[in-house]
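Reading through the structure tokens given below for one structure.
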Amino acid sequence: SAVISQKPSRDICQRGTSLTIQCQVDSQVTMMFWYRQQPGQSLTLIATANQGSEATYESGFVIDKFPISRPNLTFSTLTVSNMSPEDSSIYLCSVVNGGAENEKLFFGSGTQLSVL
Amino acid sequence: AQSVAQPEDQVNVAEGNPLTVKCTYSVSGNPYLFWYVQYPNRGLQFLLKYITGDNLVKGSYGFEAEFNKSQTSFHLKKPSALVSDSALYFCAVSDTGRRALTFGSGTRLQVQP
């Protein structure tokens, strides 16, 4: 299994500011992802964090709004830039771990963001 | 493109009765199928997955799911529900090799004592 530490666990931010969320994994993992869960809704993939190269963003998400860093195989950050109330969501880091038949997608506990 | 449908927003069942949470999927290749559970104020927890092999997959906490290729379904089941099973359940799918998951809208399971 993989233990994922995500910080902060929650924050309340002002409109127009930016927040950087950190995701630390206790082992080296090849693939890391960032998801968003808006209030009362399902999870939506924001991007795949690629080690040593630019993140791969899903449709509707752009690098200027959600810049992602992945400096090594155990750490990634997601920044929510120029926030508006519509960005209020839970942001979750996830990783793929385990080999072959044991491969699973693990999730951090999430960052609950409220934008005023 | 891949997609997942969970047709029921909520499922209500009495404790001790069997439960089923429905899921259908659409992918272009061979599907990897997953069920996750989310308890209040907690992250997602993995329940079970299907990649290949037996159509009936057994997972955590007594849950199981049946893969039906002809109906493109992956319904979650449990023979005897517990009040503690009350939570939000997500079905998810990825196609071969992609790893990133597409989630369904979620089904809230309410087990009444």
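Among the residues of region A:1-10, is there at least one that is over 24 Å from B:ALA5 (Cβ atoms), at the interface with chain B (Cβ under 9 Å from one of its Cβ atoms) and part of a strand (DSSP E or B)? Yes, there is a match, as at least one residue in region A:1-10 is over 24 Å from B:ALA5 (Cβ atoms), at the interface with chain B (Cβ under 9 Å from one of its Cβ atoms) and part of a strand (DSSP E or B).
Residues that are farther than 23 Å from B:TYR36 by Cα, without any contact (Cβ under 8 Å) to a residue 12 or more places away in the chain and in a strand (DSSP E or B) do not occur anywhere in region A:73-82. One residue stands out among those in region A:11-22 that are of a type in the set (S, T, N, Q), in contact with a strand residue (DSSP E or B) (Cβ under 8 Å, 6 or more places away or on another chain) and not in a strand (DSSP E or B): the one that is farthest from A:GLY108 (Cα to Cα), which is A:GLN14.
Looking at this structure, is B:PHE63 aromatic (Phe, Trp, Tyr), at pLDDT 95 or above and buried (at least 17 other Cβ atoms within 10 Å of the Cβ)? Full working, then the answer.
Details: aromatic (Phe, Trp, Tyr): yes; at pLDDT 95 or above: yes; buried (at least 17 other Cβ atoms within 10 Å of the Cβ): yes.
Yes, satisfied.
One line per residue, one yes/no per condition, for (1) at the interface with chain A (Cβ under 9 Å from one of its Cβ atoms); (2) modelled with pLDDT of 95 or more; (3) in contact with a Ser or Thr (Cβ under 8 Å, 6 or more places away or on another chain); (4) surrounded by fewer than 19 Cβ atoms within 10 Å (Cβ to Cβ):
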| site | (1), (2), (3), (4) |
| --- | --- |
| B:GLU8 | no, yes, yes, yes |
| B:SER28 | no, no, no, yes |
| B:TRP35 | no, yes, no, no |
| B:GLN38 | yes, no, no, no |
| B:ARG42 | yes, no, yes, yes |
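From the list A:THR17, A:THR30, pick out the single residue that is within 14 Å of another protein chain (Cβ to nearest Cβ) and exposed (fewer than 14 other Cβ atoms within 10 Å of the Cβ). Walk me through it before giving the result.
Details: A:THR17 fails: within 14 Å of another protein chain (Cβ to nearest Cβ).
Result: A:THR30 is the single residue among A:THR17, A:THR30 that is within 14 Å of another protein chain (Cβ to nearest Cβ) and exposed (fewer than 14 other Cβ atoms within 10 Å of the Cβ).
The values are calculated or read from the model by the stated rules, or taken from the named source; none is laboratory data. Source: prediction; values computed, not measured. Glycine gets a Cβ as well: all are built from the backbone with ideal geometry, and neighbour counts include every protein chain shown.
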